[in-house]
Amino acid sequence: MSHPEKLFTKGFIALNGISFLTFCNMVVFFQFYLYLHTLPISAEVYGLLIAIFSVTGLLLRPLISPFLHSGNARRWMLISTAGVMISLLGYNLARDFWSMLLIRAIHGIAYMVLGVAIYARMMGFIPPSKSGQAFGLVTVITLLPLALIPPILDTLTNRLGGFIPVLNLAALVMVLIFPLSLMTKTSEGLAQKERGRHISGHDFIQNLKDHRISLLLLIMLLLYSSFTPVFFFLEGYAKKMGIPNPGLFFTLSTMSEIGVRLFAGSLFDRVNKIHLISGSLTAIGIGYLALAHFSGHLMFYALGVFLGLGWGVVMPILNALMFDISPPHLKGLNMNLGVQMFQGGFFLGPFIGGFILIHWDFKALYYFCSMITFGSAALTFFLMARSRS
């Protein structure tokens with residue numbers, strides 16, 4: 001069966017709705033650090049309890065991804081949604097370190113399986129000719145909860161009577177995934193064709209031997225490793241430089257990311273994606289250099305807009321190119337390997353950034369971000385050569 005020519009099918013819209021609910025589930029933990037202070041748990045382990053959620057995904061995603069494909073992803077989407085709901089309710093019982101560590105680990109595993117299943121299922125609903133526009137919209141969906149949920153959390157917490165009732169409400173809202181999943185059914189012919197498309201170890205290794213795939217994964221890892229030191233350390237740098245409201249930087253950058261993906265998404269499929277990636281990475285690297293030497297409020301906030309435009313273009317285009325060059329039965333696997341690079345960047349960036357700040361300063365940190373971003377831009381020339389060959 002050929003890929004659908006329309007992008008906005010019932011299945012694609014439903015899967016984006018499921019993705020939105022899934023990311024909302026993540027964002028409700030914006031106040032988790034403050035909640036831990038109310039429990040008889042040592043502050044020394046707060047970081048571990050926060051990180052274990054992502055660490056489980058980082059460790060298990062490469063092992064789980066080969067087993068989930070478009071044929072079985074819907075079933076696992078339903079199973080993992082139930083797991084996420086049970087985990088959210090489980091926080092009612094987690095009152096000490098060990099019980100909280102256990103529920104965080106279980107929640108992280110269920111959340112990771114749900115994310116893998118969503119990506120695996122979505123691959124069958126994206127027309128190859130509209131991959132750039134599709135991933136532009138998909139990545140907007142991942143940003144919307146960050147813009148919508150944190151501002152209302154205080155009100156929800158106050159009205160519902162605490163953080164735990166908010167999690168209970170989040171568990172209830174996840175029920176919506178079950179009817180939405182009914183809209184992701186494919187025809188019996190496609191289901192029969194896709195059934196049993198398990199990816200063997202040989203397939204996995206041969207996939208990574210494709211230098212285009214390996215280069216794209218490395219570019220993603222370098223990009224996210226340069227992005228996270230901005231995300232985690234910019235507030236301290238900005239306050240040191242006398243900026244009174246550093247959070248506005250991310251408001252402007254997020255608006256830029258969403259805007260460019262919504263209004264220019266259809267253009268992503270009309271230009272050479274590798275050239276667009278190369279140009280965007282070069283612009284981002286220049287932005288990091290400017291960030292190391294900014295002066296005054298205007299330049300600081302203007303860099304938020306500039307970098308937001310760069311991030312808004314390159315992140316979905318990397319996913320779209322990965323989709324384009326992947327064999328049909330490996331598309332879901334490679335998209336999930338891309339998510340693995342995202343999580344790897346969220347580990348490496350802060351880890352290396354913290355080391356740099358101990359020994360040097362913020363300027364050195366953003367020089368580092370610029371250097372590895374220019375390095376990732378240089379890798380696109382090898383990608384062009386491989387694509388031509």
**Request:** Please give the FRET efficiency for SER295 paired with HIS275, using the beta carbon to beta carbon distance and R0 = 35 Å, rounded to the nearest 0.05.
**Result:** 0.60
**Asked** Using mean Cβ contacts within 10 Å as the protection proxy, how do 45-54, 335-344 order, highest first?
**Response** 335-344, 45-54
**Fill in**
Rounded to 0.05, the calculated FRET efficiency for the beta carbons of SER266 and LYS10 at R₀ = 30 Å is 0.90
**Prompt:** Taking each full run of DSSP H in the chain as one helix, which ones are at least 24 Å long along their axis (Cα atoms) and have mean Kyte-Doolittle hydropathy of at least -1.0?
**Reply:** 10-27, 46-64, 73-90, 97-122, 131-148, 211-240, 247-264, 273-292, 297-325, 331-359, 362-388
**Message:** Full-extension gain between PHE178 and LEU248, please, as 0.36 nm times their residue separation minus the C-alpha to C-alpha distance.
**Reply:** 21.5 nm
**Asked** Which label belongs to the value computed from this structure, given these candidates for Cα extents along the principal axes in Å: (i) 88, 61, 38; (ii) 61, 54, 37; (iii) 88, 52, 44?
**Response** (ii)
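Any read-out appearing in this document is the output of simple, stated calculations on the displayed coordinates, not a laboratory observation. From a predicted model like this one, the values you see are computed outputs, not experimental measurements. All Cβ positions, glycine included, derive from the backbone under ideal geometry; neighbour counts span all protein chains shown.
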